[in-house]
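Accompanying notes for the structure given below.
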Amino acid sequence: MTTTRGAALAFTLACLAAGPASAATCHMTVQGVPVIDDRDCAVSGRAGDVTITVGAEDAIRVRRAAMSGRFVARRPGDGRLRRVFVRYGQVVVSRDSDDKTCYLNQRATLCVDP
């Protein structure tokens, strides 16, 4: 995974309810490129501060409608792992009739299917 893709993963989203983490499936595109496709994720938090955990190390956070992400990516040169933190800015929350929640802005789209 390139550094750009690692950064792209940082796109965050928030999901529904407060309380313990709930299992879901996540889909994320950054500037039209699929970054997360049908990956299992866990959503936790309360309204206004939601964390989506993808895998063991990656996390996306939506706090007060601003999205950011923390990811583990391989350096292109030597292949060593490093942490990447990306801010995506303000997002708009959209809820479909099929209970899917999406977080959208000009660069990224993150959808969570419960």
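The values are calculated or read from the model by the stated rules, or taken from the named source; none is laboratory data. Keep in mind that what you see is a predicted model, and the values were worked out from it rather than measured. All Cβ positions, even for glycine, are placed from backbone atoms using ideal geometry, and neighbour counts span all protein chains on display. These accessible areas exclude ligands, DNA and RNA; they are computed on the full protein's heavy atoms, side chains included. Shrake-Rupley method; radii C 1.70, N 1.55, O 1.52, S 1.80 Å.
For region 31-69, give me each residue that is assigned to a strand (DSSP E or B) and among the basic types (Lys, Arg).
From region 31-69, those assigned to a strand (DSSP E or B) are 33-46, 49-54, 58-63, 66-69; that's our starting set.
Selection gives 39, 46, 61, 63.
Check every one of the strands (runs of 3 or more DSSP E) wholly within region 75-114 and list those with 3 or more residues that are within 18 Å of residue 60 (Cα to Cα) and in contact with a Ser or Thr (Cβ under 6 Å, 6 or more places away or on another chain). Reasoning before the result, please.
Values: elements: 81-90, 92-95, 101-104, 108-113.
By residue number, 108-113.
Within the bounds of region 49-56, is there any residue that is at pLDDT below 90 and either open to solvent by less than 80 Å² (accessible area, probe 1.4 Å) or at positive phi (or both)? Show your work before the answer.
Pass one, region 49-56, residues at pLDDT below 90: 55-56.
Restricting the remaining residues to those that are either open to solvent by less than 80 Å² (accessible area, probe 1.4 Å) or at positive phi (or both) gives 55.
Within region 49-56, one or more residues are at pLDDT below 90 and either open to solvent by less than 80 Å² (accessible area, probe 1.4 Å) or at positive phi (or both).
Looking only at region 74-104, filter to residues that are over 14 Å from the mean Cα position of the chain (by Cα) and touching a residue at least 60 places away in the same chain (Cβ under 8 Å); which one of those is surrounded by the most Cβ atoms within 10 Å (Cβ to Cβ)?
Among those that are over 14 Å from the mean Cα position of the chain (by Cα) and touching a residue at least 60 places away in the same chain (Cβ under 8 Å), it is 74.
Please give the number of the condition residue 72 fails out of (1) outside any strand (DSSP E or B); (2) more than 18 Å from residue 112 (Cβ to Cβ).
Tallying (1) outside any strand (DSSP E or B); (2) more than 18 Å from residue 112 (Cβ to Cβ), residue 72 fails exactly one: (1).
Looking only at region 37-56, count every residue that is farther than 13 Å from residue 24 by Cα and under 12 Å from the mean Cα position of the chain (by Cα) and tell me the total. If you could, list the steps in order and put the result at the bottom.
Taking region 37-56 and keeping what is farther than 13 Å from residue 24 by Cα, we get 45-50, 56.
Still in the list and also under 12 Å from the mean Cα position of the chain (by Cα): 50.
Of the residues in that region, 1 qualify.
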